[in-house]
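Visitor: Here it is, the structure in full.
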Amino acid sequence: MKAKLKVAKEFAFAEVDPRLYGSFIEHLGRAVYDGIYEPDHKLANEKGYRTDVIELAKKLNIPIIRYPGGNFVSNYNWEDSVGPKELRPKRIDMSWKSLEPNTFGLQEFEEWAHLIGSEVNMAVNLGTRGIEAARNLIEYCNFDGDSYYSNLRREHGHSKPYNIKTWCLGNEMDGPWQVGGKSAKEYGALARETGKVMKTIDPDIELVLCGSCGLEMPTFGQWELDVLDEAYETVDFLSLHQYYGNEEDDLENYLAKSIGMDTFISGVVAICDAIKAKKKTDKTINLSFDEWNVWYHSKGEEEKNKNWSFAPHLLEDIYNFEDSLLIGCLLITLLKHADRVKIACLAQLVNVLGPIMTEHNGKAWRQTTYFPFMQVSNYGRGQVLKPYLDVPTYDSLEFKDVPNVEIVSVFNDEKGELVTFAVNRSKEVADLEVSSLDINLGNVIEFQEMEGFDIKVTNSPDKENVFPKESKNIEIDNNVIKAKLMPLSWNMIRVEAK
Ligand code: AHR
């Protein structure tokens with residue numbers, strides 16, 4: 001099979017916002033306790049943070065990380081999570097029916113995020129709380145003057161404000177499972193008024209309004225229209241959440257699910273722009289795809305572990321090779337919408353649907369999904385080029401005209417390189433030709449691929465079965481990249497470019 005891609009600087013349509021490679025840590029299961037924080041672990045530093053996890057997280061080059069939920073935020077008292085640890089109350093978390101000791105909280109997360117080179121994307125509780133708690137929280141985090149909550153932060157050892165710049169106004173407020181869920185009108189008005197107060201305290205922040213919990217929600221569409229209608233002037237982003245799975249065990253259809261993400265994003269962009277037109281405003285709302293991942297392996301198991309225990313095993317999906325191929329397709333899809341998707345968070349980072357897993361008292365290890373994310377996050381920076389691709393297509397159970405190869409190129413002018421990410425969805429070799437119209441190609445820097453693994457094979461603490469390796473199946477001929485994309489493969493090609 002032949003796959004022909006045309007690239008040109010002229011086709012650049014978006015600069016990648018680094019926040020596209022965000023992730024997420026929620027107080028859920030073993031994400032925090034046993035994940036990033038395990039004071040008794042032999043590799044924990046003096047603060048109790050696992051240094052093996054810090055090292056793996058740093059390599060993912062995550063610029064922003066959402067915290068503390070997720071569903072958890074809807075019954076979160078931020079005051080419980082700051083100050084001397086011995087005074088912090090133990091609470092029950094209603095969303096995951098777990099015990100929350102608050103021995104790790106906002107102060108520790110701020111510190112941990114910076115250790116991995118990340119900013120915090122903080123969520124406020126609009127479930128059980130509202131304007132007042134959000135006002136106090138932003139005063140605590142960002143206010144530099146002489147006031148009660150900023151002085152409290154100083155008392156807690158932080159003279160300088162945290163300056164958290166990206167904030168989520170609640171979480172999944174149309175979900176029937178959400179503590180303090182609301183109707184669109186109620187939520188839209190509360191988000192607007194909360195956002196107004198927050199921006200009065202710090203006008204430089206950006207606010208994310210909750211879209212619906214997912215495309216399959218009966219509220220989807222109308223919810224977006226209604227909440228935007230209420231809060232358009234106050235907010236900057238609308239959120240999207242979606243998880244994918246291969247419940248049907250249908251590989252062709254599974255790898256095509258990124259087409260569903262593509263349609264979802266286009267639909268939400270249209271909704272934002274419809275309200276823009278209705279309001280006759282110049283202001284554009286961008287998207288924050290602040291929960292995306294594969295989630296299905298552990299489904300059905302969580303109910304038995306929601307038993308009011310501490311750090312239970314929840315949402316611990318163990319990913320196989322086909323999952324990493326879909327993650328590759330989803331990353332490419334996010335890049336193809338980089339003009340409007342400015343923030344995206346792989347949900348989540350450690351243990352809970354994590355590319356990084358840990359054993360209590362044991363090893364930290366990398367799942368199959370770690371690698372495509374790491375490569376795109378590190379090298380998918382610069383201008384995204386609109387991909388003009390000629391490749392055969394197929395029809396699957398749910399999707400028509402699925403290209404056998406999913407592909408996108410990013411031109412990094414500063415580093416002088418053209419980086420192409422591709423998934424070969426088919427069981428045949430794809431002979432890829434990337435012809436460059438106005439970019440002078442130099443040498444191949446590297447061609448990394450993941451291929452040849454059993455599609456159901458997983459990694460484990462003892463064996464990394466799935467990992468990227470170098471391919472030599474590449475040449476530059478007359479300013480054309482010629483590469484072989486192996487059947488069912490993930491590929492990253494970096495070439496010098498001017
Ligand atoms: O990421 C896991 C959960 O999925 C989050 O808490 C929630 O927002 C979503 O339903």
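The values are calculated or read from the model by the stated rules, or taken from the named source; none is laboratory data. Just so you know, these numbers come straight off a predicted model, no measurement behind them. Positions of Cβ are generated from backbone atoms using ideal geometry, with glycine treated the same way; all protein chains shown enter the neighbour counts. Surface accessibility is based on the protein's heavy atoms, side chains included, excluding ligands, DNA and RNA. Shrake-Rupley method; radii C 1.70, N 1.55, O 1.52, S 1.80 Å.
Visitor: Check ALA430 against each of (1) within 16 Å of the ligand (Cβ to nearest atom); (2) touching a strand residue (DSSP E or B) at 6+ places or on another chain (Cβ under 6 Å); (3) more than 25 Å from ALA14 (Cβ to Cβ) and name the one condition it does not meet.
Guide: So ALA430 meets the others, but not (1).
So that you can scan it fast, the table gives a plain yes or no per residue for (1) surrounded by fewer than 18 Cβ atoms within 10 Å (Cβ to Cβ); (2) touching a helix residue (DSSP H, G or I) at 6+ places or on another chain (Cβ under 9 Å); (3) not in a helix (DSSP H, G or I); (4) not β-branched (Val, Ile, Thr):
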{"position": "SER74", "(1), (2), (3), (4)": "no, no, no, yes"}
{"position": "ASP80", "(1), (2), (3), (4)": "yes, no, no, yes"}
{"position": "GLU86", "(1), (2), (3), (4)": "yes, no, no, yes"}
{"position": "SER95", "(1), (2), (3), (4)": "no, yes, yes, yes"}
{"position": "ASN102", "(1), (2), (3), (4)": "no, yes, yes, yes"}
{"position": "GLU108", "(1), (2), (3), (4)": "no, yes, no, yes"}
{"position": "ALA113", "(1), (2), (3), (4)": "no, no, no, yes"}
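Visitor: Could you count how many residues in segment 189-208 are within 25 Å of the chain's Cα centre (by Cα), under 16 Å from TYR162 (Cβ atoms) and open to solvent by 40 Å² or more (accessible area, probe 1.4 Å)?
Guide: Total meeting the criteria: 2.
Visitor: What is the residue count in segment 302-334 for residues that are modelled with pLDDT under 95, within 15 Å of the ligand (Cβ to nearest atom) and either within 24 Å of TYR379 (Cβ to Cβ) or not in a helix (DSSP H, G or I) (or both)?
Guide: Count: 1.
Visitor: Here's another thing I want to ask about it. If you go through segment 424-431 one residue at a time, do you hit one that is more than 18 Å from VAL480 (Cβ to Cβ) and touching a Cys at 6+ places or on another chain (Cβ under 9 Å)?
Guide: yes
Visitor: Within segment 432-459, can you find the residues that are out of contact with any Ser or Thr (no Cβ under 8 Å at 6 or more places or on another chain), within 18 Å of ILE327 (Cβ to Cβ) and hydroxyl-bearing (Ser, Thr, Tyr)?
Guide: None; the set is empty.
Visitor: Could you say which residue among ILE54, ILE62 is over 25 Å from TYR187 (Cα atoms) and either part of a helix (DSSP H, G or I) or of a type in the set (Gly, Ala, Ser) (or both)?
Guide: Every option except ILE54 fails the conditions.
Visitor: Does CYS213 fit the bill of being crowded, with 18+ Cβ neighbours inside 10 Å, at pLDDT 95 or above and either touching a His at 6+ places or on another chain (Cβ under 7 Å) or more than 24 Å from PHE24 (Cβ to Cβ) (or both)?
Guide: Yes: the conditions hold for CYS213.
Visitor: Here is a check on your reading of the model: is THR420 assigned by TED's automatic domain parsing to the domain that holds ASN491, open to solvent by 50 Å² or more (accessible area, probe 1.4 Å) and among the polar types (S, T, N, Q)?
Guide: So THR420 does not fit the description; no.
Visitor: Pairs needed: first member in segment 86-108, under 22 Å from GLU155 (Cβ atoms) and in contact (Cβ under 8 Å) with a residue 40 or more places away in the chain; second member anywhere, outside any loop (DSSP other than H, G, I, E, B) and open to solvent by 80 Å² or more (accessible area, probe 1.4 Å); C-beta distance under 8 Å; at least 6 residues apart or different chains.
Guide: PRO101/PHE310
Visitor: Another question about this same structure. For segment 257-301, how many residues are more than 16 Å from the ligand (Cβ to nearest atom), in contact with a Ser or Thr (Cβ under 8 Å, 6 or more places away or on another chain) and among the hydroxyl-bearing types (Ser, Thr, Tyr)?
Guide: The qualifying residues number 1.
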